Amino acid sequence: LSAEKALLEELANTLGKLPGVTINGAHEAPHVLNLSIPGIPTQNIINILQDAGICVSAGSACAKGHRSHTLTAMDLAPEVMDSSFRVSISRETTREELQTLIQVIEKDILPRI
């Protein structure tokens, strides 16, 4: 298990336990996690995270600016697709950076649901 995959698994497990957070798919890519916070539009999530110095991407890699055909094929509800975003990690990503992401989601995003 690579360091990136281990960090991604830890992130998915932690975020998946938070009420209001949905992990989309099996997150088998060793460096990408797609998740949603239904009730909050993707762009709002991105703006809050960017204000905290965290960069994520909207939706899925296959659908820049549109609903993802992959998320649609997974039969996800529209509100899940419309709040989806991707977290990508690299060998330079630290556990502390991911803890900051989790804290911002808990304190600044989830209360808005």
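Descriptive notes on the structure:
- A single member of 15, 110 is open to solvent by less than 20 Å² (accessible area, probe 1.4 Å) and either part of a strand (DSSP E or B) or out of contact with any Phe, Trp or Tyr (no Cβ under 7 Å at 6 or more places or on another chain) (or both), and it is 15.
- Within region 68-88, considering residues that are of a type outside the set (Ser, Thr, Tyr) and under 19 Å from residue 47 (Cα atoms), the one most open to solvent (accessible area, probe 1.4 Å): 79
The values are calculated or read from the model by the stated rules, or taken from the named source; none is laboratory data. Note that this is a predicted model, so its numbers are computed, not measured. Here the Cβ is made from the backbone with ideal geometry for all residues, glycine too, and neighbour counts use every protein chain on show. Surface areas here come from the heavy atoms of the whole protein model, side chains and all, with no ligands, DNA or RNA. Shrake-Rupley method; radii C 1.70, N 1.55, O 1.52, S 1.80 Å.
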